[in-house]
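Only one structure is covered here, and it is reproduced in the block below.
Read-outs: derived from the displayed coordinates by stated rules, not from any lab. All values derive from a computational prediction rather than experimental measurement. Because the Cβ atoms are built from the backbone with ideal geometry, glycine has one as well, and the counts that use them run over all protein chains shown.
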Amino acid sequence: MTDSADRLQEPQPGYVTRTLLRWFMRPARVAAVSAVSEHFRLVDLEGDALKNIAWTVGEKIQISMGTGLMARTYTPISWDTERGRTRLLAFMHGDAPGSRWAGGLREGDTCQFFGPRRSLDLSGIEAPLVLFGDETSFALAAALRTLQSPRTTVIFEVSDVAESGPVLEEIGLGDANLTARAANDAHLGAVADKVAAHASTGAHFVLTGKAPAIQHVNRALRAAGVGSSRMKTKAYWAPGKTGLD
Ligand SMILES: Cc1cc2nc3c(=O)[nH]c(=O)nc-3n(C[C@H](O)[C@H](O)[C@H](O)COP(=O)(O)OP(=O)(O)OC[C@H]3O[C@@H](n4cnc5c(N)ncnc54)[C@H](O)[C@@H]3O)c2cc1C
């Protein structure tokens, strides 16, 4: 069966859902999709509904998956509010709605989304930042790098270092520090040490990505004397949970 035939057979939202979508969601057109690697898609969305809106680095959008009100959350890398255009980097981890959505996108497709809405509030932080995360945090890191300050050091755990390296180069993060995930999270001690090595510099810490990894790094930072005023955490996904926002 062809791709488009597959899409025609997807269940269509009912009247109430369609009305809610119209009221609360912004329509967008896919202006470009780039397969930067097997598991990553850079996606440009555009449309009048993306013009003249307030967006700040660290905010999220929630994209409707086309059936009912189910949505998946992504982080804009940039937002041109005059042109009405935003850029996302979607990681396709497996067979799940968000991954399938990203993998099936074609230029000219349309979608609907909530937002942008506050997620991590990084305003007012002047000190250097250390960002810990994973593939789902690449977009946040790229967004932070669009700012003149604060300077951001980027430390990621990833499933595939060989794939992630070139993707990060493509979005201007070639200097990111990468650690390969190991069985039973055996790599997390080493990653937490890398992050905690910045504790004495006065840096602020932003912990994102996989919930158990965030908890591990959080504990290491507390042990190194970093208080909650220097830490912001936001779980982007957790094993066995769906659609965190
Ligand atoms: C504020 C916020 C911002 C985010 N920004 C981005 C972004 O810019 N780019 C991006 O790619 N993602 C981002 N995410 C993460 C993304 O929303 C989740 O990974 C989401 O679960 C993907 O939806 P899905 O339908 O593919 O998987 P789901 O149906 O939600 O999950 C199914 C199962 O897959 C597993 N799973 C989920 N995510 C992953 C993963 N990344 N790796 C391995 N296994 C996973 C879990 O076990 C889960 O139970 C963000 C999340 C939040 C909360």
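Quickly work out the THR17-to-GLN148 label distance, labels modelled 7 Å from Cα along the C-beta direction, and quote it in nm with one decimal.
4.7 nm
Among HIS216, VAL16, GLY104, which residue has its Cα positioned farthest towards the positive end of the charge dipole of the chain, with +1 placed on the Cβ of Lys and Arg, -1 on the Cβ of Asp and Glu, and the dipole taken about the Cα centre?
Result: VAL16.
Assuming a viscosity of 0.890 mPa s and a temperature of 25 °C, what translational diffusion coefficient in µm² per second does Stokes-Einstein assign to region 3-117, Rh being the Kirkwood radius over Cα pairs?
Translational D for this selection: 169 µm²/s.
Pick out which of ALA31, ALA54, ALA199 has the largest mean-square fluctuation in a Gaussian network model of the chain, springs linking Cα atoms closer than 10 Å.
It is ALA54.
Would you mind classifying region 129-237 by shape? Square roots of the alpha carbon gyration tensor eigenvalues, ordered a ≥ b ≥ c; an a/c under 1.5 is rounded, otherwise it is prolate if a/b is larger than b/c and oblate if not.
Since a/c reaches 1.5 but b/c is at least a/b, the shape of region 129-237 is classed as oblate.
Hey, with R₀ at 35 Å, roughly what FRET efficiency would ARG222 and THR81 work out to, going by the Cβ-Cβ distance, to 0.05?
With R0 = 35 Å, the Cβ-Cβ based efficiency is 0.35.
So what is the 222 nm mean residue ellipticity for the chain from helices alone, if each DSSP H run of at least 4 adds -39500 (n - 2.57) and you divide by all residues, rounding to the nearest 500 deg cm²/dmol?
-7500 deg cm²/dmol
Once the Cβ-Cβ distance between ASN184 and ASP160 is put in as r, and R0 is 22 Å, what FRET efficiency do you end up with, to the nearest 0.05?
Step by step, r from the Cβ atoms, then E = 0.75.
Tell me, PHE205, PHE114 in order of fewest to most beta-carbon neighbours within 10 Å?
With the sparsest Cβ surroundings first, the list reads PHE114, PHE205.
To make sure I understand, if each residue's beta carbon is the centre and we count other beta carbons within 10 Å, what order do LEU45, LEU207, LEU120 fall in, fewest to most?
Taking fewest neighbouring Cβ atoms as first place, the list is LEU120, LEU207, LEU45.
Ranked by Cβ crowding within 10 angstrom, fewest neighbours first, how are GLU170, GLU59 ordered?
GLU170, GLU59
Evaluate the distance, in nm, between pseudo-label points positioned 7 Å from the Cα of SER34 and of ARG106 along their respective Cα→Cβ axes.
So the label points at SER34 and ARG106 sit 2.2 nm apart.
In Å, the Kirkwood hydrodynamic radius of the chain over pairs of distinct alpha carbons?
Computed over Cα pairs of the chain, the Kirkwood hydrodynamic radius comes out at 18.8 Å.
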